[in-house]
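See below for the structure under consideration.
The values are calculated or read from the model by the stated rules, or taken from the named source; none is laboratory data. Everything quoted here is computed from the prediction, not taken from an experiment. We place every Cβ from the backbone using ideal geometry, glycine too, and count neighbours over all the protein chains shown.
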Amino acid sequence: MAAGEKKSIDKATLKMIEKAAIDGCETVFDRAATMKPCPIGAEGSCCSNCGMGPCRIPLPKGKEQTPEEKRKRRGICGATAETIAARNFIRMIASGTAAHSDHGRGVAELFLATAKGEAPGYEIKDEQKLLQIALDWGIEIGDRSNEEIAVDIGEKALAEFGKQEGELLFLRRAPLKRQELWRKLGVAPRGVDREVVEIMHRTHMGVDQDYENLLKQGTRAALADGWGGSMIATELQDILFGTPAPVLSRVNLGVLSEDEVNIVIHGHEPLLSEMVVIAAQDPKMIELAKSKGAKGINLAGICCTANEVLMRHGVPLAGNMLQQELAIVTGAVEAMVVDVQCIMQSLPDVAQCYHTKIITTSPKAKITGATHIEFDEHNALESAREVVKAAIENFPNRGKNVNIPSEQSYLIAGFSHETINYLLGGLFRASYRPLNDNIINGKIRGVAGVVGCNNPRVTHDEIHVEMIKELIKNDVLVLQTGCSAMAAAKAGLLVPEAAAKYAGKGLAEVCETVGIPPVLHMGSCVDNSRILMAATAMVKEGGLGDDISDLPVAGAAPEWMSEKAISIGQYFVASGVFTVFGVTWPTLGSEEVTKCLFEDSEETYGGMWAFEPDPIKAAHLMIAHIDKKRKALGLDKARERVLYDMAMRRELV
Ligand code: XCC
Ligand code: SF4
């Protein structure tokens, strides 16, 4: 973003950026203005994989490379621009897969401990899902207790990470044609950890130096994320904490309270925060808060931990990734409790300007200057109480410079794949039939997943919101996760009323009939696995082809920044989905690698990447892809009929 350009479209964010400046407190927005991205690193042309380098081989700008120049674009070890770009790209996938999957592993460990009765406070909440997974994984049900079944599931789930041979169990959930394709191409993942390790091995100096072969391993690891680590995280969390159902809540910094103890939970893993929700409702804790002069305890979330507790408990969202420091800048946060991922190291510095306590809880994620209260899953409620108590005791230290912006919006969240099923088909004949029918009759043109992060290189939230408005205006139903969902929620797109206001006629009609918003919040980033399941359900329902790549669907992460987003994008592409990213694209330093991802992928997987920073243009790339798929399915005629039905014709004259 050039200097002087708008930092955010969100008023609360702008107000707090201003307050931070007055309070003499530096934020990510200041740092982004002074730190220019390295142009060579940005295009994937810098390698630091060994001590002979780092080697920087920028793509000559504004002219064709001569064959001689091309030959000379090599690292000291001889690695070509293609090898370097592909290695960098799949190392991003390795990191993203590792992050989602280590989260999944943590859930599996807690799940097993719960099943064995070693994690007091946790229980099996969704029996139906427990039994479903037992069926999926060939685990005996008979007259065994839920706990006995859960021990088997927990052990099988944990074994998925270290499995050396065979295939990940959840791959069998994919459409048959897709599974066969993965097998044929040799990208069906074995154990999650194995695929990540193999990327690290193959990208070491002097190993795999064929960019196509490197990208193939990237795909295998990404699939191990989406259909492995992430899906395990989502499914086992649902069993432990409940499968989300529609819930009304609020979003933005205005959810912080003037006269209560504000505790902000931030990160990704809901294991501890589930208990914080319980501890914060404990009458003893509320009493303690009152004794310190507060009216009560107010819980709010940032990033995907927020999405998790929003989906299951309706805990309000304080904001998305770029608002984490700004929540502290309000001066009203007693404690920010963090677990893992997307947590800025600057938080303790920002907190120094105020009274906020930054509490780290994971042995995997400590921050210098923060207080560490380690989460003990065998004594989780005690850990949670300790955290809540630390916040309460900090309330009297609240300073004078408190200013909570008034902005907050309502939203409805909790659209798990199962909920969509129920809402559309009814409890007794839950199905995706009505969705498929409305796609076939053209009222709904297609479905788009709009997900991912914030990135201060672009105007905060703007790219998400503009893209989503354009999509729903064109009758594309939008599914969301992550920080993107919060951007749309702040803009008022996650309420049923948004259908009449922003959606095209066909989509609005369907939304009004079913009573859903035109933009559905499906959860955190590991919950992108819910979108995979929804897409698979659409295929299995029939009438829209026999693979995900036949569906009129598309995906986007218009403000991405995380390596996790690259992994997510790659598993969507390899599952057959056209996926467009904004902001920047990390392989532009190699035309061959970029072409392989943007064009050849379509041939191989039926899905491909695109890069388009302009949200309206990107939305139209998605719509064009959706229309292409409609045409291939023979549905283009149906849509024309709907566009000019009698009622509309009358309106036209
Ligand atoms: Fe992080 Fe999940 Fe990205 Fe938001 S969307 S910035 S990854 S919190 Ni996942
Ligand atoms: Fe340079 Fe090769 Fe070492 Fe990378 S691996 S830093 S390209 S010498």
Output the residues belonging to region 507-531 that are touching a Lys or Arg at 6+ places or on another chain (Cβ under 8 Å) and either β-branched (V, I, T) or buried (at least 24 other Cβ atoms within 10 Å of the Cβ) (or both). L507, V510, M522, G523, C525
One residue is enough: does region 432-451 have a residue meeting the conditions in contact with a helix residue (DSSP H, G or I) (Cβ under 7 Å, 6 or more places away or on another chain), among the small types (G, A, S) and within 16 Å of ligand 1 (Cβ to nearest atom)? yes
Count of residues meeting criterion [within 16 Å of ligand 2 (Cβ to nearest atom) and over 17 Å from L588 (Cβ atoms)] in region 23-54: 7
Suppose we filter region 187-206 for residues that are under 13 Å from L168 (Cα atoms) and not charged (D, E, K, R); how many remain? 5
Give me the pairs, please: first residue somewhere in region 70-83 and assigned to a loop (DSSP other than H, G, I, E, B) and near ligand 2 (Cβ under 9 Å from one of its atoms), second residue anywhere and modelled with pLDDT of 90 or more and hydrophobic (A, V, I, L, M, F, W, C), beta-carbon distance under 6 Å, and either six or more positions apart or on two chains. G75/C47; G75/C55; I76/M52; I76/C55; C77/M205
Does D259 meet the test of being in a loop (DSSP other than H, G, I, E, B) and more than 22 Å from H103 (Cα to Cα)? yes
When region 599-622 is examined, which residues are found to be surrounded by 21 or more Cβ atoms within 10 Å (Cβ to Cβ), of a type in the set (A, V, I, L, M) and touching a residue at least 60 places away in the same chain (Cβ under 8 Å)? A618, A619, M622
List every residue pair whose Cβ atoms lie under 9 Å apart, where the two residues are 6 or more positions apart in sequence or sit on different chains, the first residue falls within region 37-53 and is of a type in the set (V, I, T) and more than 16 Å from ligand 1 (Cβ to nearest atom), and the second residue, located anywhere, is modelled with pLDDT of 95 or more and in a strand (DSSP E or B). I40/C46; I40/R56
I'd like to check which helices (runs of 4 or more DSSP H) are fully inside region 430-523 and have at least 2 residues that are without any contact (Cβ under 8 Å) to a residue 24 or more places away in the chain. 497-502, 505-514
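Matching residues to (1) small (G, A, S); (2) surrounded by 18 or more Cβ atoms within 10 Å (Cβ to Cβ):
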residue: S249; (1), (2): yes, yes
residue: V255; (1), (2): no, yes
residue: D259; (1), (2): no, no
residue: I263; (1), (2): no, yes
residue: S273; (1), (2): yes, yes
residue: I278; (1), (2): no, no
residue: Q281; (1), (2): no, no
residue: M285; (1), (2): no, yes
residue: A289; (1), (2): yes, yes
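This table checks each residue for (1) modelled with pLDDT under 95; (2) farther than 21 Å from M311 by Cα; (3) crowded, with 20+ Cβ neighbours inside 10 Å; (4) within 19 Å of the chain's Cα centre (by Cα).
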| position | (1), (2), (3), (4) |
| --- | --- |
| I420 | yes, no, yes, yes |
| L427 | yes, no, no, no |
| L435 | yes, yes, yes, no |
| R445 | no, yes, yes, no |
| V450 | no, no, yes, yes |
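I'm trying to understand the selection: among the residues of region 572-587, which are touching a Leu at 6+ places or on another chain (Cβ under 7 Å) and more than 19 Å from I626 (Cα to Cα)?
T587 - this is the single residue of region 572-587 that is touching a Leu at 6+ places or on another chain (Cβ under 7 Å) and more than 19 Å from I626 (Cα to Cα).
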Mind checking whether some residue in region 194-204 is basic (K, R), surrounded by fewer than 23 Cβ atoms within 10 Å (Cβ to Cβ), touching a residue at least 12 places away in the same chain (Cβ under 8 Å) and within 30 Å of F415 (Cβ to Cβ)? no
